[in-house]
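Before any comments, here is the structure.
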């Protein structure tokens, strides 16, 4: 198994658990928050800075890396870890979410999804097989199956179709990975360009063209990226059950809950997470994609989630919005113009130990990079610290008390 | 004396010297390069990062700080050091250069210069006295007299007039500082607004209005900012002599050579620096403003200069241009798309130890903050390291050999 998941503690009152997730590039302490490294960088942070914050795993967006600089260039550099100098765990998504959400006029077919690059309008094709190929070139520790992401709200029929398609695609992804592991090498495919045929045919063409190159790290049973599948079904419980059961039959090393935090009411999100997580096996990591606020992290953990990713701390930071122990503050607000307190009086991060709100506001008002840099550092610290406290409370058997305290906060 | 300048070593073949400049906020090892902290931040660097690079003194631009956030707000915060959390030496300029160069339609009169804010077109007035007042509110270790900066090329008559005006303004600045030191407190003046009267009259009005507040740190003979005057005269040696002699008569704690690096040929700049520096007293620090390239630093030191400031390393970095031991490289160039070497194979900075040109190029091509952040760190390291090597060669008595090696470089 390329990854190994150990559970160290389980809460008696909820489904929360703390564990260790062993990956080719290191061990991750779960539950874990994964900052989003979009195009090979967590915006505004250096890799030294991320390490200093105690970040254990980053998420790389396959869509963006595929477009620029291209997965071939990254493979040539030795893979994403070496390219961006992050010798720690990395998870890549399949590219599906951006393709289907970045207004890229994605057209979903049985074989895969056609889309236009948001950069230059060029046409591309992404199939379950192609998503595996591209991610293998990046060489992450964990990769995701291509799934169909539908808009919210969606009809039952749409959701049902997407659950079924997602299952068929997950099976194809798993087969592709097995084929590539069997070969030990893989086809490069082409980085871009119009492909007018289905996935299998295009790969044959590419094989004929003679494009064969090695992966960033040798494929083997222990070093191959783990492949996670994504449970869909919107907020419909029967569809969530169908999706989960079908994916479990295919047997993946981890399961994500996708298709949430897309506009549905919070209570429905929490209910769906609770329902779906209970269907997933205890001994596999559970990943809630694209979530969320600090409160969502606690609620997600309480419902059995082990892994989270979200742009919220980093994107909000660039928009002068900081998470603090007393709630969110918008730093550009005039009330902070003469406020010499730190961002968060309870925070021990490098930013709160050194800078005032007065200064941070000035940086944002004048559009200085340092504003985004410092707010990003603080927000990530806040998220990671929240998760560390959650985990610690689980290890000490006091998660329920922690959970109540968080719920009671303003 | 608020500052004390010690010479530790002098080169036998040139006028280069190494020394120590003691200021209220710490000792500076000269010759020194001062990164430009424009509006209270060196763009792309955190203060932690600057300290890690060994930056000893920053330059703050009074013009920008006066407009935003305003010198009163900074005084209220305890001064610029506390506002931006830089407990080390700071030098502020007078605001004159930006006022007369930022296309702000500055109109020079005997009393001072009228100008429009580049931000919102509002009208402001800057006099020698006002420049002292504003800088005192910022509370630097070293401040500059308001001088008249003329465009290049300028006629002899224009330069002659500006030399004379600069001298009269320098005398007024010195008197203003003495008045403020005598009082122990100072007038706030007003942060902005149209002033329809001369400098002295407006200050009386403000006194009448009752605006009196304390300085960031107590004014006394030992903690008051040092005031440097600026020698003008273009590339005309007789005018430079006039300017220097007149300012020496007024007796300042340090002297800058201004009005160069404004478009004149390099050889003329070097000749003028050489001529002007020889006129300045040995026992006072000599500051060449707005200069320059790494080569200019060595040539300036050889001619007797102790202090330099320039936006070149930081601005070039943001434009994907890096200084290396093999010359400047433009990182966006396609030739670096697959180059896995560090920025500079001879550099030991944190960036060169961790990242490749391939990755840096990707960051710039995709417009990521990290590109500017890393290139800025490297360029500053390059400049500071160049200066450290210069200083070391002086202390070891081998400056001439170092000088020759630098001249021989491509």
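What follows draws every value from the coordinates through simple rules; no lab data is involved. Predicted model, so just to flag it, every value in this text is computed and none were measured. Note that each Cβ is placed from the backbone with ideal geometry, even for glycine, and that neighbours are counted across all protein chains shown.
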Packing rank of A:387-399, B:142-154, A:167-179, where each peptide gets the mean count of other beta carbons within 10 Å, highest leading: B:142-154, A:167-179, A:387-399
Computed log₁₀ I(q)/I(0) - Debye formula, equal Cα scatterers, no solvent, the range A:346-410, q 0.18 Å⁻¹: -0.74
Prolate/oblate/rounded call for the range A:281-328, Cα gyration tensor, a/c under 1.5 rounded: oblate
Hull-based mean projected area of the protein assembly as shown, where the convex hull spans the alpha carbons, in square nanometres: 37.5
Bins of 20 Å, starting at 0 and running to the largest distance - Cα pair percent for chain B: 27, 58, 15, 0
Square roots of five times the Cα gyration tensor eigenvalues for the range A:250-297, Å: 20, 11, 10
Computed over the range B:44-102, Cα set: Rg, Dmax in Å: 12.3, 35
Estimated D of the range A:65-177 in µm² per second, where Rh is the Kirkwood radius over Cα pairs and Stokes-Einstein applies at 4 °C, 1.567 mPa s: 88
Per principal axis, descending, Cα span of the range A:236-338 in whole Å: 60, 25, 20
Chain A: angle of helix A:237-250 to the longest principal axis, Cα-based, in degrees nearest 10: 60
Helix A:266-279 axis, angle to chain A major axis (alpha carbon atoms, nearest 10°): 50
Sum of -39500 (n - 2.57) over DSSP H runs of 4+, divided by residues of the protein assembly as shown (222 nm, nearest 500): -12500 deg cm²/dmol
Cα centroid separation, the range A:332-410 to the range B:299-329 (Å): 37
Paramagnetic reach from residue A:354 in the range A:34-73 [backbone N under 14 Å; point 7 Å along Cα→Cβ]: A:45-46, A:48-50, A:52-53
Two-decimal Rg/Rh across the range B:251-410, once Rg and the Kirkwood Rh are taken from alpha-carbon atoms: 1.02
Estimated D of the range B:1-55 in µm² per second, where Rh is the Kirkwood radius over Cα pairs and Stokes-Einstein applies at 4 °C, 1.567 mPa s: 98
Per-bin percent of Cα-Cα distances, the range A:292-378 [5 Å]: 3, 15, 25, 23, 15, 9, 6, 3, 1
Euclidean distance of C-alpha centroids, the range B:48-102 and the range A:1-41, integer Å: 45
Crossing angle, helix A:128-138 versus chain A [Cα axis fit, 0-90 degrees, rounded to tens]: 60
Whether the range A:1-160 is rounded, prolate or oblate, judged on the alpha carbon gyration tensor where a/c under 1.5 counts as rounded: oblate
